[in-house]
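Enquirer: Sharing a structure, written as structure tokens. Questions coming.
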Amino acid sequence: MFSAVLIEKDEAGRRVGVAALDDGLLPDGDVTVEVEYSTLNYKDALAITGASPVVRKFPMVPGIDLAGTVSASSHPGHKPGDRVLLNGWGVGETHWGGLAQRARVNGDWLIPLPEAFTARQAMAIGTAGYTASLCVDALLAHGTRPDQGEVLVTGAGGGVGGVAIALLAKAGFDVAASTGRRAEAAYLHGLGATTVLDRAALTEPGKPLQKERWAAVIDSVGSHTLANACAQTRYGGAVAACGLAQGMDFPASVAPFILRGVSLLGVDSVMAPRERRLAAYDRLSRDLDPAALDAIAQEITLADAIEASSRLLDGKIRGRVIVNVNR
Ligand code: NDP
């Protein structure tokens, strides 16, 4: 038996709770993992609250991230005792996920736990932090350099934002952090932001072309924020777009792209190929100070994850949430 957050939906309605489940209920897969830590990402909160149709099959164990130890494997790449990490691949959406003490998954989805991190630290990073690293990789591949000017990070108080600031600062960039939580300015400066802006300047409809300010942008917010960020990006700059915290819409014009040569770089973590994941974790291992992770993350229990989901969607949780599935 193992404990897990379970989302059920049937004629009687939708229910979410912590359940004791029999191993026989685990889904198909060639690797069984004893989970130590999982996380609560924006997508997990959508799944648990039902605010968006993230979950495609019921009953579902949510949790798009997990870290732990292999207990059984028929996959050639993994053996019992291996320390492993999983982000995405539809886990917690179409396949039972990490908010559980045990998981059975496709071994191709697992990567080795990076030596630089404990399972807990890997979950402090989670999909949000790994996505921030993918965004930094995308900007650097575009040719963005620190001498070109400031980089804007939107949704700075969130999980993607916090890790993005820390990685960009370590890479030598001046970072402008946009947040609705001005009271968190000291936290954002502590992560490496040089400037903290009120997000209200970006969330309302704006002109198609605005004063050129940013060499590049990492945006986890979407909607008007992304449109304004593109309109404020300097000639030849790049905007890495990975999120939709304000909205899925993109009420913009083509002007920044055709008149300033701005590039919009889409970033997806869920189906990102293995090599890109390993490169993103190389950057995190090299550049992310474990002390920054301590500042970014807080730990909760499996049962707490249910209540914390609404607070996360309301923007009331700062940084990252680690879930200790054995507490
Ligand atoms: P968080 O909830 O931790 O952070 C989102 C932040 O966005 C909030 O903290 C808040 O920052 C800001 N925000 C929230 N609501 C609004 C709003 N209405 N208007 C403007 N800003 C707002 O989420 P994550 O950082 O984990 O994820 C951020 C986004 O990225 C989500 O949409 C998520 O789905 C997406 N994502 C996408 C991935 C991919 O593969 N493409 C992977 C991971 C995440 P503040 O309080 O500082 O203003």
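Every number in this text was worked out from the coordinates using simple rules, so none of it is lab data. Everything numeric here is computed off the predicted structure, so don't read it as measured data. Positions of Cβ are generated from backbone atoms using ideal geometry, with glycine treated the same way; all protein chains shown enter the neighbour counts.
Enquirer: What is the one condition in (1) among the β-branched types (Val, Ile, Thr); (2) over 23 Å from Asp28 (Cβ atoms); (3) in a loop (DSSP other than H, G, I, E, B) that Val136 does not satisfy?
Expert: Just one mismatch for Val136, condition (3).
Enquirer: For Arg120, are the conditions met, namely being farther than 15 Å from Arg283 by Cβ, touching a residue at least 60 places away in the same chain (Cβ under 8 Å) and part of a helix (DSSP H, G or I)?
Expert: Yes.
Enquirer: Among (1) small (Gly, Ala, Ser); (2) exposed (fewer than 15 other Cβ atoms within 10 Å of the Cβ); (3) within 16 Å of the ligand (Cβ to nearest atom), which single condition is Ser253 missing?
Expert: Answer for Ser253: the failing condition is (3).
Enquirer: Can you name the residue in the stretch 139-186 that is assigned to a strand (DSSP E or B) and either touching a strand residue (DSSP E or B) at 6+ places or on another chain (Cβ under 6 Å) or basic (Lys, Arg) (or both) and, of all such residues, is nearest to Leu202 (Cα to Cα)?
Expert: Ser178
Enquirer: Being free of Cβ contacts under 8 Å to residues at least 60 places away in the same chain, in contact with a strand residue (DSSP E or B) (Cβ under 8 Å, 6 or more places away or on another chain) and within 13 Å of the ligand (Cβ to nearest atom) is the filter here; which residues of the stretch 227-245 pass it?
Expert: Ala241, Leu244 - these are the residues of the stretch 227-245 that are free of Cβ contacts under 8 Å to residues at least 60 places away in the same chain, in contact with a strand residue (DSSP E or B) (Cβ under 8 Å, 6 or more places away or on another chain) and within 13 Å of the ligand (Cβ to nearest atom).
Enquirer: Here's another thing I want to ask about it. Given the criteria of a type outside the set (Gly, Ala, Ser), more than 10 Å from the ligand (Cβ to nearest atom), surrounded by fewer than 23 Cβ atoms within 10 Å (Cβ to Cβ) and within 19 Å of the chain's Cα centre (by Cα), does Leu265 qualify?
Expert: Here the answer is yes, as Leu265 does meet what is asked.
Enquirer: Picking from Glu115, Glu93, which residue would you name as being in contact (Cβ under 8 Å) with a residue 24 or more places away in the chain, charged (D, E, K, R) and within 16 Å of the ligand (Cβ to nearest atom)?
Expert: Just a single option satisfies the conditions, and that option is Glu93.
Enquirer: If you check Arg120 against the conditions, is it near the ligand (Cβ under 10 Å from one of its atoms) and of a type in the set (Lys, Arg)?
Expert: So Arg120 does not fit the description; no.
Enquirer: Something else: Only one of (1) buried (at least 17 other Cβ atoms within 10 Å of the Cβ); (2) of a type outside the set (A, V, I, L, M, F, W, C); (3) over 22 Å from the mean Cα position of the chain (by Cα) fails for Thr39. Which number is that?
Expert: Only one criterion is unmet by Thr39, namely (3).
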